[in-house]
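S.K.: One structure is given below, represented as structure tokens, and several questions about it will come after.
The values are calculated or read from the model by the stated rules, or taken from the named source; none is laboratory data. Because the structure is predicted, anything quoted here is derived from the model rather than measured. Please note: Cβ atoms are built from the backbone with ideal geometry, for glycine as well, and neighbour counts cover all protein chains shown. Areas reflect the complete protein model, heavy atoms only, side chains present, ligands, DNA and RNA absent. Shrake-Rupley method; radii C 1.70, N 1.55, O 1.52, S 1.80 Å.
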Amino acid sequence: MGYDERHVLPSLRLLPYDRLVLVAGRETVRSAGVRRLRALEPALRVVRVDPFNLMGALESIRGTIRVAATDGSVRISASGGTKILTNAAILAAFQEGVEAWYCDPDPVRLPVLQGVNLDAAFSPAERAIARALHGAIGHDRLVSAVARQGFARRTVLGALQSLVGKGLVELGRDVGPVWVRPSPRFALFRDHFREVPKKG
């Protein structure tokens with residue numbers, strides 16, 4: 001929710017829910033609109049974020065999704081909020097594989113594959129590379145370090161090229177050997193690489 005609750009109220013009428021969690025900035029939490037929502041929803045849970053910090057909002061929303069998912073299915077309405085907050089909500093829905101909607105004013109379901117999160121988009125070798133990549137490192141040193149974890153060198157090289165193709169890793173050469181480093185986009189996906197994939 002941003003500064004105008006009128007963007008949010010239609011989605012409450014159009015999208016059924018059992019429990020409501022509101023993600024908003026500090027000023028919004030203090031607004032008359034939130035007071036009206038609390039009157040309608042006494043059990044309303046509010047998650048306060050910086051609506052101009054994409055990474056912080058994304059992390060908070062993903063954490064909120066995971067907590068809520070322990071009680072059942074989760075649906076996101078990305079209506080209202082700053083552009084950054086709306087983008088964080090949509091990105092969180094894609095990363096966590098939860099249903100997402102945008103109401104303006106009619107509800108539009110966003111093309112998120114429900115139940116399929118980004119964990120499925122990265123191979124074990126890609127994850128191993130990402131976990132080993134904390135900054136710029138020599139290409140051969142990185143490949144050898146990951147290969148020592150039980151991956152064939154050919155598999156590591158293929159995974160490295162895949163990460164480059166996804167725009168998450170950069171290769172370069174100054175004067176000496178080739179180096180590898182995370183791209184600016186890498187931070188958006190960092191905790192997917194850090195997590196242990198679910199088994200079973």
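S.K.: If amide H atoms are built 1.01 Å from N in the plane of the peptide, which residues on other chains or at least 5 residues away come under 5 Å of the amide H of Ala100?
M.R.: Those qualifying (amide H under 5 Å, at least 5 residues apart or on another chain) are Ile76, Leu110, Val112.
S.K.: State, in angstrom, two size descriptors of the range 8-49 derived from its alpha carbons: Rg to one decimal place and Dmax to the nearest whole number.
M.R.: Rg, Dmax (Cα atoms, Å): 10.0, 27.
S.K.: Now a separate question. So what is the diffusion coefficient of the range 43-172 in µm² per second by Stokes-Einstein at 20 °C and 1.002 mPa s, using a Kirkwood Rh over Cα pairs?
M.R.: For these conditions, the coefficient is 127 µm²/s.
S.K.: Taking the solvent-accessible surface of protein heavy atoms with a 1.4 Å probe, what is the per residue accessible area of the range 1-99 in Å²?
M.R.: I get 55 Å² per residue for this part.
S.K.: How high is the FRET efficiency between Asp140 and Glu59 when r is their beta carbon distance and R₀ equals 41 Å, given to the nearest 0.05?
M.R.: Approximately 0.75, to the nearest 0.05.
S.K.: Contact order normalised by length for the range 1-93, with contacts defined as Cα pairs under 8 Å and 6 or more residues apart; what percent is it?
M.R.: For the range 1-93, the relative contact order is 33 percent.
S.K.: For the range 1-74, place one equal point scatterer on every Cα, skip the solvent, and apply the Debye formula. What is log10 of I(q)/I(0) at q = 0.13, 0.28 Å⁻¹?
M.R.: Debye curve over Cα of the range 1-74, log10 I(q)/I(0) at q = 0.13, 0.28 Å⁻¹: -0.38, -1.42.
S.K.: For the range 92-102, just list the computed ³J(HN,Hα) in residue order, Karplus coefficients 6.51, -1.76 and 1.60, θ = phi - 60°, integers in Hz, with x standing in for Gly and Pro.
M.R.: Those phi angles translate into 4, 4, 5, 5, 9, x, 10, 4, 9, 10, 10 Hz.
S.K.: Another question about this same structure. Quick one: which residues, 5+ away or cross-chain, put their amide H under 5 Å from the amide H of Val23? H built at 1.01 Å from N.
M.R.: Residues meeting the criterion, in which the H sits 1.01 Å from N, are Val47.
S.K.: Using a 1.4 Å probe and counting only protein heavy atoms, arrange Glu126, Glu170, Glu96 so the residue with the most accessible area comes first.
M.R.: Ranked from most to least accessible, the order is Glu170, Glu96, Glu126.
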